[in-house]
Amino acid sequence: MLIDSSEKVDAIVIGGGIFGCAIAYYYTKNNPGKKIVVLERNEICHAATSRAAALVTRIRSKQHFIPLSLETYRAVAEMEKQLNESMDMKRVGVLHVAASESAVADLDDMMRIADSFNEPSEYLTHETVKAKVPWLKTDEVLKFGFIPDESYCDPYLLGTFFARCAKMNGADIRQGVEVNDLLMEGNTAIGVSTTAGNIYANAVVIAAGAWSPVLAMQAGVGLPMAPVRSQYWITERNDIFPVDSPIVLLPDVQAYARPEGGGLLFGIREAKSFTTSPLDIPKDISDFSFSPDRGVSDLSEVIDKLGCFFPAVYDIGLKYYIAGFSGYTPDNNLSMGIVPGIKNLFAATGCAGAGISVSGGVGLAFAELIAGRPNPYDFAKFSIERFGKIDPFSKVWLDKCALARSQKRSG
Ligand SMILES: Cc1cc2nc3c(=O)[nH]c(=O)nc-3n(C[C@H](O)[C@H](O)[C@H](O)COP(=O)(O)OP(=O)(O)OC[C@H]3O[C@@H](n4cnc5c(N)ncnc54)[C@H](O)[C@@H]3O)c2cc1C
């Protein structure tokens, strides 16, 4: 479709991943009659979003994420009604496993956090856990905490639910349209130039995932995040992986797992996470080779630690390998809000591996911000200015962000 080169809308979102689609959903819902355009150069939700393990964790040690994730659950219920379809969220709960004194202390904190958000939680005995999670070796475990209402989902479905509802509400979601440049007038963003012409708007949101720093740099802003690889495997089917068994978080070995189609989906944090400059990522993520050996050498480095809890890992067949880029920061926080020093420019980036979970809150926050209303959440910890001036393409910066992921113990 050829777009009128003088087209003017109220808001432009660059990137049709889950953040872009969620922003469009809330913006159209809360601002009837206003025009928002989402520009996606490939197909919506095909990049990080469709690759997520999609733990939609609400209760976390980083308590400022929790209200954002609670909003995601609220949005799911609302969109199910709007579309008259089920999202089929898998409400299997999260089992926190603590096998060291420090993990026990963290677990006790987590249970207190659950209480303070009125989220049901209970400590489980070894016997109960053995029955619920047959693949888990429990001998070395000191304490189990269970939060039963936590879920995982199909992340592509969640992203496209946001997009479909947004479209029904009047959003214009254009696939196959690439943003080449931000259009600036002094220190004000006034629109974008695309492969299908220029579009002008009162607000421009960069929600371009791993590629976001490339766009922000056009406005002279070093966006503080780096694309860092996340990877996981899905085993072949086996009776030791009941489909309704919980998500399992193993902070002592920096691993997580959940059921997937009769097998087990499990991910690890490598001793040194892989990162690359946003400038070096191809436009279509399917053209990027994340690992020549499907992560096997990374898995071998940690397999003995993991094997203490998941002994079947040595023999079970690995059917699928999935990898993608999440946006990380040195403090494992989101990196988002109003872009400092630039009028009408916003960035919804740096997901810290939690973008599916927090998508509802992120969508609502930006819908309000770009409509000129106050952010309903406190984004102080996500501020784009918090690291001072940084070069998002430098090795020093990329390594700092990758290290943060390597050291992450929580889910
Ligand atoms: C392996 C893996 C496991 C994960 N597990 C979880 C999990 O369990 N729970 C959780 O909450 N999160 C998880 N995540 C994180 C989650 O997937 C991301 O936080 C989320 O998908 C980020 O969404 P996004 O919209 O920012 O980015 P993306 O989905 O990557 O979307 C960005 C879009 O912008 C488009 N784009 C870029 N540049 C341009 C341009 N110039 N013009 C037009 N379009 C452009 C891209 O094509 C892309 O579609 C995981 C991620 C990975 C990779």
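Within segment 272-300, residues that are without any contact (Cβ under 8 Å) to a residue 60 or more places away in the chain sit with their Cβ atoms under 6 Å from residues that are assigned to a loop (DSSP other than H, G, I, E, B) and not hydrophobic (A, V, I, L, M, F, W, C), at 6+ positions apart or across chains, in these pairs: Phe288/Pro282.
For Met87, the stated conditions hold: it is surrounded by fewer than 19 Cβ atoms within 10 Å (Cβ to Cβ), at pLDDT 95 or above and either touching a Leu at 6+ places or on another chain (Cβ under 9 Å) or more than 23 Å from Phe346 (Cα to Cα) (or both). Only residues that are of a type outside the set (Gly, Ala, Ser), assigned to a strand (DSSP E or B) and open to solvent by less than 20 Å² (accessible area, probe 1.4 Å) were counted across segment 4-19, and they come to 4. The residues in segment 379-396 that are open to solvent by 10 Å² or more (accessible area, probe 1.4 Å), touching a residue at least 12 places away in the same chain (Cβ under 8 Å) and assigned to a helix (DSSP H, G or I) can be counted, and the count is 1. Screening the candidates Ser69, Ser61 for the property of being among the polar types (S, T, N, Q) and not in a helix (DSSP H, G or I) yields one hit, Ser61. Taking the conditions (1) open to solvent by less than 50 Å² (accessible area, probe 1.4 Å); (2) part of a helix (DSSP H, G or I) in turn, Cys45 satisfies each one other than (2). Looking only at segment 260-280, which residues are among the charged types (D, E, K, R) and assigned to a helix (DSSP H, G or I)? Answer for segment 260-280, where residues must be among the charged types (D, E, K, R) and assigned to a helix (DSSP H, G or I): just Asp280.
Only one entry of Val177, Val204, Val141 meets the criterion of being over 19 Å from Leu369 (Cα atoms) and not assigned by TED's automatic domain parsing to the domain that holds Asn118, and that entry is Val177.
Taking the options Ser193, Ser230, Ser212, name whichever one is within 15 Å of the ligand (Cβ to nearest atom) and either open to solvent by less than 10 Å² (accessible area, probe 1.4 Å) or outside any strand (DSSP E or B) (or both).
The match here is Ser212.
Could you go through segment 20-39 and let me know if any residue there is open to solvent by 10 Å² or more (accessible area, probe 1.4 Å), within 15 Å of the ligand (Cβ to nearest atom) and of a type in the set (Val, Ile, Thr). No: segment 20-39 contains no residue that is open to solvent by 10 Å² or more (accessible area, probe 1.4 Å), within 15 Å of the ligand (Cβ to nearest atom) and of a type in the set (Val, Ile, Thr). Could you tell me whether any residue of segment 275-287 is open to solvent by less than 20 Å² (accessible area, probe 1.4 Å) and under 28 Å from Ala105 (Cα atoms)? Within segment 275-287 (the criterion being open to solvent by less than 20 Å² (accessible area, probe 1.4 Å) and under 28 Å from Ala105 (Cα atoms)), the answer is no, since none of the residues qualifies.
The values are calculated or read from the model by the stated rules, or taken from the named source; none is laboratory data. Predicted, not measured: the structure shown is a model, and the values here were computed from it. Heads up, the Cβs are rebuilt from the backbone with ideal geometry, glycines too, and the neighbour counts pull from every protein chain shown. Quick note on the areas: whole protein, heavy atoms, side chains included, nothing else; ligands and nucleic acids left out. Shrake-Rupley method; radii C 1.70, N 1.55, O 1.52, S 1.80 Å.
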